[in-house]
Structures are given as C-alpha cells and as structure tokens.
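Reading through the structure tokens given below for one structure.
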Amino acid sequence: MERLKKAPGETFTYTFTGDADALGLTEETVTCQEPLDIRFDAVYQDGKINLTGRLHTNVIVCCSRCVDTFTCPLDGHLEEELPVDNQSELDVTELAREMYIISMPLKPLCREACQGLCPTCGKNRNEKECACSEDEIDHRLADLKKLLEE
C-alpha cells in the first residue's frame, strides 16, 4: 500500500494464482479445473485506489438443460474505487471472490443448441431421439386446451 501512496497516478500490476478452495469458492456443482489466474491493476489518486481486476479459469459445471457436465471458461472483470484508510495492506480476497461469482453463468449451457431432457421420459435429446409425443399435455391442463380449441 505504501508503494502505491508514494507514486500517485502510477499503475501497479499485481498477479497471482489462486486456489478456489483457499478463497472459499468450492461448491458441489462446480469444480475448478485449474487455478484461478487473477490480475489487479491499482492506481492511487486523491486518497483512493482505483482497482481493475481480471480473473480467468476453467470450471466443470452441469448444463441447465441436459444435466451433462462440461468445461466452461470463466472470464471475470471488476472495477472498484476503494477509499484508503490507515491500513498498510490491501486485501483483495473478497474482490477475487466477487469476480468469480459474477462471472459464473446463471444458466450454464453445454452448447447453445442444447435440446435438454425430454419432459416425458427424461432421455437426453442431444444423444437420442425418443418416441414421446410433443403434443402430450398435462392432464391437469386438458380443460384449458379445450377452451383454446373453441
């Protein structure tokens, strides 16, 4: 932190490799395939630190349509303006966690054209066509279908 304060306006780059376990980012449904590659560019100016962060890793996740696992690249980006108090060190652990969480897809897809699972028999439609009819309707909604036909 002192190095930043002594050179206002100058950009300092900090890179490190982080372990998802060490950062508290392990989940049952997500597995980090490699360590997190994290980079922060920091500039001290006017009593604040302007921080730009980048994160890259590959994770194994479950497709939200077909439930198959696949490798998904994560590329996170973060820009923060941090006030400088009387601290001697800057802990970026929470910012690295935030980048990781923000870069995680909400609905991961193994591929854009994933057909998912058949709602009737449960077969993966990407692997094999099933004989289920697309016109089958939930018996609880049959009366609504009759109204639409009238």
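Observations on the model:
- Screening Thr71 with (1) of a type in the set (Ser, Thr, Tyr); (2) closer than 24 Å to Leu4 by Cα; (3) at pLDDT 90 or above gives one miss only, at (2).
- In region 1-30, the residues that are within 12 Å of Ala96 (Cβ to Cβ) form Cβ pairs under 6 Å with partners that are in a loop (DSSP other than H, G, I, E, B), at six or more places apart or across chains, as follows: Thr17/Pro35; Asp19/Pro35; Ala20/Thr26.
- Selection of region 82-97 for residues being open to solvent by 40 Å² or more (accessible area, probe 1.4 Å) and either modelled with pLDDT of 90 or more or among the aliphatic types (A, V, I, L, M) (or both) yields only Leu90.
- Within region 98-136, considering residues that are open to solvent by 80 Å² or more (accessible area, probe 1.4 Å) and at pLDDT below 80, the one nearest to Thr57 (Cα to Cα): Glu134
- Verdict on Thr71 being without any contact (Cβ under 8 Å) to a residue 60 or more places away in the chain, open to solvent by 60 Å² or more (accessible area, probe 1.4 Å), hydroxyl-bearing (Ser, Thr, Tyr) and in contact with a Ser or Thr (Cβ under 9 Å, 6 or more places away or on another chain): no
- Among the residues of region 11-34, those identified as exposed (fewer than 14 other Cβ atoms within 10 Å of the Cβ), farther than 28 Å from Ala113 by Cβ and touching a strand residue (DSSP E or B) at 6+ places or on another chain (Cβ under 7 Å) are Thr11, Phe12, Thr13, Tyr14, Thr15, Phe16, Thr17.
The values are calculated or read from the model by the stated rules, or taken from the named source; none is laboratory data. Bear in mind that the values here come from a model prediction, so they are computed numbers and not experimental data. Note that each Cβ is placed from the backbone with ideal geometry, even for glycine, and that neighbours are counted across all protein chains shown. The protein model used for the area step is the full one, side chains on, heavy atoms only, and it has no ligands, DNA or RNA in it. Shrake-Rupley method; radii C 1.70, N 1.55, O 1.52, S 1.80 Å.
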